[in-house]
Amino acid sequence: MQALCTTCQKREGVNRREMTNVQYVVMKNGRHAARGTCGVCGGGMYRIVSAAEVPGASQA
């Protein structure tokens, strides 16, 4: 899954990177998100996703 990496954006001007170690979470407002690390620099990444993209999530 690709997401925005702000660290790579600042260093190299490229902001879309492949996310590794992806964990799916639910935010306080009930929206689903994917949290992981950048495959290039190791920085933290966060991406809001739909419930359909989350494996095992109930679609309300």
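Any read-out appearing in this document is the output of simple, stated calculations on the displayed coordinates, not a laboratory observation. Since this is a predicted model, take the numbers as computed values, not measurements. Virtual Cβ from ideal backbone geometry, glycine too; neighbours counted across all protein chains shown.
Just name the residue that is farthest from residue 49 (Cα to Cα) out of those in the range 1-13 that are surrounded by 13 or more Cβ atoms within 10 Å (Cβ to Cβ) and not polar (S, T, N, Q). The extreme case among them is 8. For the criterion of being charged (D, E, K, R), touching a strand residue (DSSP E or B) at 6+ places or on another chain (Cβ under 6 Å) and surrounded by 14 or more Cβ atoms within 10 Å (Cβ to Cβ), residue 16 fails.
Between 47, 11, the distinction of being among the basic types (Lys, Arg), within 9 Å of the chain's Cα centre (by Cα) and not in a loop (DSSP other than H, G, I, E, B) belongs to 47 only. Considering only the range 19-41, state which residues are surrounded by 13 or more Cβ atoms within 10 Å (Cβ to Cβ) and without any contact (Cβ under 8 Å) to a residue 24 or more places away in the chain. If the condition is that a residue be surrounded by 13 or more Cβ atoms within 10 Å (Cβ to Cβ) and without any contact (Cβ under 8 Å) to a residue 24 or more places away in the chain, then 20, 22, 33, 35, 37, 39 are the ones that fit.
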